[in-house]
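Everything below concerns the one structure shown next.
The values are calculated or read from the model by the stated rules, or taken from the named source; none is laboratory data. All values derive from a computational prediction rather than experimental measurement. Cβ coordinates were reconstructed from backbone atoms using ideal geometry, including for glycine residues, and neighbour counts include every protein chain displayed.
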Amino acid sequence: MLNTIERMIISVDEIGQRVRELGAQISADYRAGAGRDPHRRPLLVVGLLKGAMPFMADLIRAMDIPLEYDFMAVSSYRNGTSPGEVRILKDLDCAIGRRDLLIVEDIVDTGRTLHRILKGLSAREPATLRVCTLLDKPHRREVEVPVDYVGFVLPENLFVVGYGLDYAELYRNLPFIGVLKRREA
Ligand code: IMP
């Protein structure tokens, strides 16, 4: 499996360092918000399956504020690298009205997945709705979406795998982010 990776672009150590920074920053931001309203319920962190799972598992352990977490499952890419229709496969288990929500994504590419999720969730009137993504491909955006916390901006138009990101369901378990070797047609 590893010999089909062309190169590593973000190492285990770089991911770990950035996740700790994000955890500290997010904790500080929500602690400041909670201070203004002591009756607020704990932050609800919402991970988008399947890709955000490893990132979210590390991120929540880098956060030192009270929080709950839940997952949504969406399918945006059928099998491979071209965008398809965005479908909600699993919704949240709890009501979110008047709660603080932090959506955790693996990567924002065209923005279509996030746009669809944010539209649905904001209709349920959470108190706040923010987004944290490990990776961002801003040059690929087709729909404008607000992203509050970004781990790394990808410098080129790359298809990356690892740390939750897949190609045809494989490579999610790589501990680093890598670029796939292109197969000759
Ligand atoms: P968007 O709706 O185009 O923003 O796509 C978001 C989803 O596409 C992500 O949650 C990923 O599942 C997938 N995706 C986009 N770019 C990549 C990539 O470089 N590698 C793996 N998956 C990707």
key: Members of the range 157-166 that are in contact with a strand residue (DSSP E or B) (Cβ under 8 Å, 6 or more places away or on another chain) and either part of a helix (DSSP H, G or I) or farther than 17 Å from residue 52 by Cβ (or both)   = 158, 159
query = Of the numbered conditions (1) over 14 Å from the mean Cα position of the chain (by Cα); (2) within 19 Å of residue 56 (Cα to Cα); (3) of a type in the set (A, V, I, L, M, F, W, C), residue 134 satisfies every one except a single condition; which is it?
reply = (1)
inquiry  = So if I check each of 88, 96, which one is modelled with pLDDT under 95, assigned to a strand (DSSP E or B) and farther than 24 Å from residue 158 by Cα?
reply    = 88
query = Looking at (1) touching a Gly at 6+ places or on another chain (Cβ under 8 Å); (2) closer than 22 Å to residue 117 by Cβ, can you tell me which one residue 162 breaks?
reply = (2)
task = Give the residue that is modelled with the highest pLDDT, with candidates limited to residues of the range 24-54 that are of a type outside the set (D, E, K, R) and more than 20 Å from the chain's Cα centre (by Cα).
result = 32
request  = For residue 164, indicate whether it is in contact with a Pro (Cβ under 6 Å, 6 or more places away or on another chain) and surrounded by 14 or more Cβ atoms within 10 Å (Cβ to Cβ).
outcome  = yes
Output for the range 119-156, where each listed residue is near the ligand (Cβ under 9 Å from one of its atoms) and either in a loop (DSSP other than H, G, I, E, B) or surrounded by fewer than 16 Cβ atoms within 10 Å (Cβ to Cβ) (or both) = 137, 140, 141, 142, 143, 145, 154
